[in-house]
Amino acid sequence: MSVQVLNSGFPINFDLILHVITFQNHGTTHQDIPQYQSAYTSTLPPQAINICKMEDLPMSPTTPSTRTYRLTASSISYVKSTTTSLFKPCISSPPNYILRDISFTAQPSQILAIVGPSGAGKSTLLDILAARTSPTHGSLLLNASPLNPSSFRKLSAYVPQHDASLPLLTVSETFTFAAQLLVPNTSQVKDIVSSVLTELRLSHLCNTRLASGLSGGERRRVSIGLSLLHDPGVLLLDEPTSSLDSASAFNVMQTLQSIAVSRGRTIILSIHQPSFKILSTIDSLLLLSKGKVVHHGTLTSLESFLFSNGFTVPPQLNPLEYAMEILNKLHENNEPLLPQSTSSSPPRSETTEMKIRYKSSRIYEIFTLYKRFWKIIYRTRQLLLTNTLEALIVGIVLGTIYINVGFDKQGIEKRFGFFAFTLTFLLSSMTETLPIFISERPIILRETSSGVYRLSSHIIANTLVFLPYLLAIALVYSVSVYFLVGLCCSWQAFSYFVLVVWVVTLIANSFVLFLSSLAPNYVAGTSLVTIFLGAFFLFSGYFISKDSLPKYWLFMHYLSMYKYALDSLLINEYSCLVSRCLIWVQENEECLITGGDVLVKRGLHERQRWTNVYILITFFVCYRVLCLVVLIRRASRSKR
């Protein structure tokens with residue numbers, strides 16, 4: 001569309017301006033797009049070119065970007081490594097090709113289906129297209145420019161075969177939290193969520209939790225909806241119709257067809273063997289067999305391809321069904337029929353780096369994730385009830401067992417045993433969160449790799465949520481046990497006891513969070529927790545003193561979180577009893593041991609009261625940082 005600008009004397013192409021603005025709204029800098037605007041601006045006077053370079057022209061987040069993407073695979077091959085040992089075999093074996101010389105083009109506003117039997121290489125090819133795996137040979141081009149994996153992951157969206165969402169959130173809340181992180185203008189979030197719910201035909205389920213009440217097809221549409229909130233230029237889906245009945249599968253494909261046409265998106269999906277109804281929603285097919293392309297084109301061109309190879313499609317079958325039946329008979333050396341491009345390709349350019357930043361500030365990310373965490377914890381009634389009742393009941397039972405321990409020799413031993421059991425209980429009680437953390441891990445990795453938020457924001461928000469939550473648990477336990485046992489009767493000592501209990505629960509929570517990021521599954525995570533907590537308790541000084549340990553195990557004594565917590569509780573208790581005699585040689589005549597002597601015998605001093613707390617806080621921070629490092633490593637490995 002061109003109009004004559006008043007008093008300017010030259011026409012302005014507003015379609016071109018919108019095109020350039022779209023580039024800016026995707027985070028592309030002016031240096032990145034000269035090849036795209038040079039063809040247009042060469043015929044315009046300088047004033048018009050200046051209009052095309054305006055910096056801050058707004059674009060409504062609710063309006064899908066007009067920028068479209070053509071994805072081209074050129075001679076893609078992928079070899080699976082056959083070396084399983086540390087030593088290379090004497091006789092080299094031929095390479096095991098999963099994919100071999102795959103070439104095709106996926107056009108915007110179209111659905112390309114990767115079809116083939118099991119083992120054909122569909123999932124591997126989709127991982128390569130999603131920039132999650134690097135090909136052994138070949139290249140990927142985005143609009144004829146070499147594809148940059150990091151940038152492509154943020155402008156595209158990948159929907160895995162297995163739906164992964166937070167089960168305690170409703171459909172509407174799931175979309176709302178994602179939209180709040182992705183849309184800077186918060187006033188538009190409600191309209192965007194409503195639009196997505198309507199487009200995916202999920203409006204009637206907006207208040208239904210994902211854990212129950214949704215069919216397989218509806219869960220799949222929720223996953224697709226989360227991807228649409230990114231407004232991706234390229235949408236990749238792994239088996240979107242898997243495990244669905246025919247009606248649900250067709251509904252999902254109709255939704256994808258509508259998205260491709262209305263938003264101009266490039267959609268690539270893998271599918272095992274689509275029905276005739278589903279084929280009506282697919283624009284182009286890529287038929288694979290044993291890692292090679294058998295045919296690339298439309299369903300009609302597939303029929304022509306079969307006919308040219310001497311095969312006639314029976315009337316009761318569609319061309320794809322028949323092609324799947326005779327794959328072994330088709331000549332592998334036939335050149336696949338490639339469709340002709342319907343539009344001219346842009347000029348080839350050097351690697352284009354598109355800087356796509358996070359949509360929200362770090363503070364806003366933390367605030368939004370904090371709200372989401374609280375909602376999930378509040379709805380995890382079983383965990384809330386278990387932690388609270390556990391702290392209350394164990395505190396009361398322990399208090400009645402050690403009730404009024406006294407100040408004699410038995411009182412010293414009982415205090416020592418009470419503190420040791422308290423730490424064992426507190427550190428082991430937090431393992432209940434392990435399965436929750438492990439189940440949330442793939443969701444976190446998917447959201448952060450898609451650029452929804454930063455991993456560090458997730459860790460900080462998680463920390464801010466558990467600080468007050470575990471403080472409440474520490475108070476419940478301390479109130480229920482402290483005065484029953486008859487520990488030092490001063491508010492300063494009680495407050496310090498609560499502080500130590502709180503920090504210990506925070507360490508336990510951070511330790512479990514760290515192991516959940518490290519362990520491959522729940523069983524391995526439980527084993528790691530048991531091994532490490534047992535080792536820390538063994539080297540704490542309760543069973544074996546530091547002086548009795550072999551020198552080569554001394555480092556474990558200082559790495560044990562039990563040691564510093566146990567020392568803190570002992571210092572807090574016996575600081576009140578420094579001058580009080582606990583053991584007499586003869587009744588009330590000569591004092592053998594005072595509270596101060598107990599501390600000296602343990603190698604402790606009142607000056608270490610806060611030093612130990614600082615060390616415990618360091619443990620808490622270190623485990624959180626280690627968790628962040630492991631998650632970053634996992635995210636980078638998933639991108640390979």
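The values are calculated or read from the model by the stated rules, or taken from the named source; none is laboratory data. A quick note: this is a predicted structure, and the numbers were derived from the prediction, not measured. Every residue, glycine as well, gets a Cβ built from its backbone with ideal geometry; the counts of neighbours run over all protein chains shown. In case anyone asks, the SASA skips ligands and DNA or RNA and just uses the protein heavy atoms, side chains included. Shrake-Rupley method; radii C 1.70, N 1.55, O 1.52, S 1.80 Å.
Please get the size of the charge dipole for the stretch 151-287, origin at its Cα centre, with Cβ charges of +1 on Lys and Arg and -1 on Asp and Glu, quoted in debye to the nearest 20.
Here the size comes out at about 120 debye.
What's the carbon and sulfur percent of the stretch 362-638's accessible surface, probe 1.4 angstrom, rounded to a whole number?
Values: 8660 of 13020 Å².
Carbon plus sulfur share of accessible area: 67 percent.
Could you give the alpha-carbon Rg of the stretch 362-638 over 2.2 N^0.38 Å, rounded to two decimals?
With N residues counted in the stretch 362-638, Rg over 2.2 N^0.38 Å equals 1.10.
Mind scanning K80/K329; K190/K371; K414/K601 and naming the pairs with a C-alpha gap bigger than 23 Å?
Exceeds cut-off: K80/K329.
Using alpha-carbon pairs under 8 Å, 6+ residues apart, how would you state the relative contact order of the stretch 200-315 in percent?
18 percent
Under 11 Å from the Cβ of V183, count the other residues' Cβ atoms, weight Lys and Arg +1, Asp and Glu -1, and hand me the total.
Details: positive: K190, K359; negative: D191, D231.
Residues near V183 contribute 0 overall.
Heads up, I need the accessible area for F418: 1.4 angstrom probe, whole protein in place, Å², nearest 10.
0 Å²
H557 accessible area, nearest 10 Å², 1.4 Å probe?
So the heavy atoms of H557 present about 10 Å² to solvent.
Bin all alpha-carbon pair distances of the stretch 150-280 at 5 Å intervals from 0 and give each bin's fraction as a whole percent.
With a bin width of 5 Å, the distribution comes to 2, 10, 21, 24, 23, 13, 5, 1, 0.
Over the stretch 362-638, with the other protein chains present, what is the accessible area per residue in square angstrom, probe 1.4 angstrom?
Computed with neighbouring chains in place, this is 47 Å² per residue.
For a quick protection proxy, order the peptides 114-125, 527-538, 203-214 by their average other-Cβ count within 10 Å, most packed first.
Per-residue Cβ counts within 10 Å, averaged per peptide and sorted highest first, yield 114-125, 527-538, 203-214.
Just need the relative contact order of the stretch 393-543 here, percent rounded to a whole number, with Cα pairs under 8 Å and 6+ apart.
Contact order relative to length: 40 percent.
Within 9 Å, Cβ to Cβ, of Q107, how many net charges do the neighbouring residues add up to if Lys/Arg are +1 and Asp/Glu are -1? Could the numbers behind the result be given before it?
Details: positive: R70; negative: D283.
Taking every Cβ under 9 Å from that of Q107, the sum is 0.
How do D191, D547 rank by accessible surface area computed with a 1.4 Å probe, from largest to smallest?
The most accessible residue leads, giving D547, D191.
Report, in debye and to the nearest 20, how large the dipole of the stretch 362-638 comes out about its Cα centre when Lys and Arg carry +1 and Asp and Glu carry -1 on their Cβ.
1360 debye
Sort M253, M324 from largest to smallest accessible area, using a 1.4 Å probe on the heavy atoms of the protein chains.
Result of the area sort, largest leading: M324, M253.
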